[in-house]
Amino acid sequence: MRWEELDELIRAALAKEVDEAGPGLVGLEERVVRELARRPVRRSLWQKLGAFFSQPVPRWALVGAACALLLGFALGRLTAPRPIPQFTPNLFVIAAPGARQVAVVGDFTAWQPLPLSDPDGDGIWTAFIPLPPGRYEYAFLVDGKWVGQDPLAQEYLRTFGEYVSVRYVGGSGADRSS
């Protein structure tokens, strides 16, 4: 089949479809306009909000909203958790619920264990170790198991197959805790 024959077949098929659809197109515009007029108008979100806020508000609704706001504020203040203490470079903290013994080891202890305490038994073990300004490598021992990645550390190192944490304390530009 040649291109001219294919082109002629396509033209004939399209002409046939247009002739068959012709009676259905008569009056189409009027039918569309009538259908659109019959449908309810859909308001935009902004129009709906404007209509809602233009309505008069009953006093009891304002009083109820104020009471709910005050009650929510009071309950929030009463049930709010204690504020999180600010990070101090000399404070070593690790969460180890259920641990029996926790210690910190580091270059500031000659890698000898220095025990942490959990006086209230909440699983948060702490020790305040006064350190002069400098760079310190350390890790925790939780029930004898090495934990070298402290979330409060400024960086980590891997030496001899184990991670250690690095902390900078005070000094001239060495404090990277902020």
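Every read-out reported here was derived from the displayed coordinates using simple, explicitly stated rules and does not represent laboratory data. All values reported here derive from a predicted model rather than from experimental measurement. Cβ: placed from backbone, ideal geometry, glycine included. Neighbour counts: every protein chain shown.
Between L9, V166, P119, the Cα set farthest toward the positive side of the dipole of the chain (charges on each charged residue's Cβ, about the Cα centre) is that of P119.
The charge dipole of the chain, taken about the Cα centre with unit charges on the Cβ atoms of Lys, Arg (+1) and Asp, Glu (-1), comes to about 1100 debye, rounded to the nearest 20. Largest mean-square fluctuation among A80, A13, A96, in a Gaussian network model of the chain whose springs join Cα atoms under 10 Å apart, belongs to A13. Put in order of Cβ neighbour count within 10 Å, fewest first, the listed residues I124, I94 become I124, I94. Computed over the range 31-81, the P(r) curve from all C-alpha pair distances, binned at 10 Å from the origin, holds 19, 21, 23, 17, 11, 7, 2 percent per bin. As a proxy for reagent exposure, ranking F73, F140, F108 by other Cβ atoms within 10 Å from fewest up yields F73, F108, F140.
Both radii were evaluated on the Cα set of the range 58-157; the Rg over Rh quotient, with Rh as the Kirkwood radius, amounts to 1.29. Cα-based values for the range 95-153, radius of gyration first and Dmax second, are 11.4, 33 Å. Dividing the Cα radius of gyration of the range 1-93 by its Kirkwood radius returns 1.55 for Rg/Rh. Going from the fewest other Cβ atoms within 10 Å to the most, the residues V164, V93 appear in the order V93, V164.
Fully extended, how many nm does the chain gain between S54 and L70 (0.36 nm per residue separation, minus their Cα-Cα distance)? Could you put the intermediate results ahead of the total?
On the way: separation 16, 0.36 × 16 = 5.76 nm, distance 2.54 nm.
The span from S54 to L70 would gain 3.2 nm if fully extended.
How many percent of Cα pairs in the range 121-172 exceed 13 Å? Please report the intermediate quantities before stating the final value.
Numbers: 862 of 1326 pairs.
Summing the P(r) of the range 121-172 above 13 Å gives 65 percent of all pairs.
Our Cα-only numbers for the chain put the radius of gyration and Dmax at 37.9, 98 Å.
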